[in-house]
1. Restricting to DSSP H runs of at least four residues, report the calculated mean residue ellipticity at 222 nm for the chain, -39500 (n - 2.57) per run over all residues, nearest 500 deg cm²/dmol.
2. Using a basic spin-label model with each label point 7 Å from the Cα along Cα→Cβ, how many nm lie between Gln212 and Met583?
3. Please list log₁₀ I(q)/I(0) at q = 0.11 Å⁻¹ for the range 639-739, using the Debye equation with identical point scatterers on the alpha-carbon positions.
4. Which order do peptides 136-146, 593-603 fall in by mean Cβ count within 10 Å, highest first?
5. Which distance in nm do the two modelled labels at Val737 and Asn369 give, with both placed 7 Å along the Cα-to-Cβ direction?
6. Express the relative contact order of the chain as a whole percentage, based on alpha carbon pairs under 8 Å and six or more residues apart in sequence.
7. How do 523-533, 302-312, 10-20 rank on mean C-beta neighbours within 10 Å, highest first?
8. At Phe381 and Lys38, where each label point lies 7 Å from the Cα along Cα→Cβ, what is the point-to-point distance in nanometres?
Amino acid sequence: MIHFDQEQGIFHLNNNRISYIIGVLTNGHLGHFYFGKKLYGPLKQEMFRTPQNKGLTSNVFDGNPSFSLNNERLEYPIYGTTDFRDPAFDLENAGGSHIYDFKYKLHEIIQGKNKISLPASYADDDEAETLIVYLQDESGLELMLSYTIFTDLDIITRHTLITNEGDESHYIQKLMSASLDLKDSDYQMVQFSGDWIKERHQYTTPLRPGIQSVYSNRGASSSNHHPSLILKRKKTCETKGEAIGMTLMYSGNHLIQCEVDSNNITRIMGGISPHHFKWSLEPKESFQTPEMIMTYTDNGLEYLSHTLHDFVRKHVVAKKWQNVLRPIVLNNWEATYFDFTEEKIVELAREASQLGVEMFVLDDGWFGNRNSDQTGLGDWFVNMEKLPNGIKGLSKRIHDLDMKFGLWIEPEMINKNTKLYDVHPDWLIGDPTRKISHGRNQYVLDFSRKEVIDHIFDQLTKVLDDAHVDYIKWDMNKNITEAYSRGLSKNKQGELFHRYILGVYDLYERLTKRYPNIMIESCASGGGRFDYAMMYYAPQGWTSDNTDGVERLKIQHATSMFFPLVTMASHVSDVPNHQVGRMTSLKMRGDVANFGTFGYELDVTKLNEADKAAIKEQIKTFTSLRDLIHKGDFYRLLSPFDGDGNNTGWQVVSKSGHQSFVTWYQVLSRPNEPVKYFKLRGLDEKSLYRVTGMEEPVSGSLLMHQGIMIEPSFNGVEMKPYALGDFQSRTYFIEKVYD
Ligand code: GLA
């Protein structure tokens, strides 16, 4: 899959569908030549390097008047030495100089993937091949660029390691995971941005000269800008056209940017955000960047997502959880908030178990003096007033109901009014000589300090060793603004953000090692840290605190661009909805939650008999669909981001192609609507399928090319009983009859 043509100085990474091509330029730097549909040889440097003599705008070196890096397409560009664009790295030596010159030294090609010291994707030796290129500067610094290409999936992953083989120290001020210069700028950038309770909305804008970026400087990958983006051609849609997708496997500060230069070259790069980042690299030390996951397709966004979904399920989520169907959950947060007793919890769980729920998750409020958000975080011992039998006693009572038991924790945080703060006031992040802000009355613990993690780990193990816990919901509800550590010396303060995330990964490592059978769900005020690195430890994430059926359409739709449904926690909650006050039907809320892990977040003891019966039915339905939803291919048929956003359509097709499940959603009911035709995808044209509501089997071609007829709710005489008013959804089960 990886071929080096020594004569041409060309590395060609390819599988059956894609090619990624790098060249060693005459000055020893690496050029980016190509990322796209598979190319066949012969390949020569002049096919990719367009001569661009820019006269007075180019700087050149003596002896080589026609060679300027500013006019080249580069693979890991440096600022200065003739390139004026934003560089992939920025280093400073002891004398204050930022001028370096990394040249190709050697390379190796290995089967499978090389291991890195951060959460990263993994592959067996027959699933991938890796190219490692070593570049060297005369200071003794060595850059190692790693590229892995996967056999069955159109994925290239990249990361960078820098090692100081010299005898002087250097500062790293920027070290991107990946950078590539695409040959034109005829792209639209699709980004996934938002906020708390409106995570990952999809925005599409054309590229223009200059820099466009998504970033986070909050200490978390954030709900504001997801660490991923797609470059697509203007005409690329779900089913056709070119697109490149990139996502950074990292949970901290990030930057992904596109720069269009005056040669119409698009430089796309991503990695740890250089903001507030300064890392000292002493002799013999190395620094490892996170991994960038990249995919190319000319088959549209649906293919791009299918590739990424399979990648997450096979190469990101820990092997242990790959094929584990997610349990149906009742979470007590919106049912009780902080106000509960053991009896109330058991009452909720008992009712839930009668409805068919499989796991009870005890949310915030079980520890320390946590009766409000003013106190408790950092005191990870059971609140015996609320739970006189401890988590041990409660978890036993829940298991006696034949349910699994899950527990909420927020290990990275501290409230001031706690025992932990009394003893360790210096453990929170912030400059003690300045004002330190809080969020929801809480502060961030300094996870760059090992003793802090040790202490939290010890407290948690005392609870977890003692009880029967099947699942943890790991929350994180405050971002870092006053980034200052009392545990780091003054020349290391620029390392805090990254060291903090390394500390978070350290605690994840320790907990997942000690409790290999506990499944973790990551959460950060909902989907504020929903990234591939989290998925590596926690195979699912709380997609958003917003559980409104309408709002979730946008959130889940755009999240599905990079994440499979099995990673997206989705619950049915009460009405009026606690985030937007909207009243939607139980049916629609269930039909939206179906496309995820499924569960409930409401007081089930207060339901009327009709709702109880409906919930039992929903659970039965989801249970029968679960394998299909969690393992099948997801199709975005109608987008809530298109037009007026009134209709959304989602479909899952099993890998075998035998079953499919489809839902059509309508936000507002409109008068005298014309009949609509809802076209499906992913079926076999000639096969016959049995479809809910249709008497006779119909062909896949009819379902895909003509579509399912959506009659208006009101036909002038009577209102259709299944389609009353606003917030409607209609579901269809589809089964192949015979070929
Ligand atoms: C965050 C989470 C919620 C809930 C609360 C508890 O907001 O996203 O699901 O756990 O914290 O405080």
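The values are calculated or read from the model by the stated rules, or taken from the named source; none is laboratory data. No experiment lies behind these values; they were computed from the predicted model shown. Cβ atoms come from the backbone with ideal geometry, glycine included; neighbour counts cover every protein chain shown. In case anyone asks, the SASA skips ligands and DNA or RNA and just uses the protein heavy atoms, side chains included. Shrake-Rupley method; radii C 1.70, N 1.55, O 1.52, S 1.80 Å.
1. Working: 11 runs with 128 residues, N = 739.
Here the helix-only value at 222 nm equals -5500 deg cm²/dmol.
2. If labels sit at Gln212 and Met583, their model points lie 4.2 nm apart.
3. -0.35
4. Numbers: 136-146: 19.1, 593-603: 24.9.
Top to bottom by mean Cβ count within 10 Å: 593-603, 136-146.
5. 7.0
6. Reported relative contact order: 9 percent.
7. Values: 523-533: 27.9, 302-312: 22.4, 10-20: 20.0.
For the peptides 523-533, 302-312, 10-20, the packing ranking is 523-533, 302-312, 10-20.
8. Output for this residue pair reads 6.3 nm.
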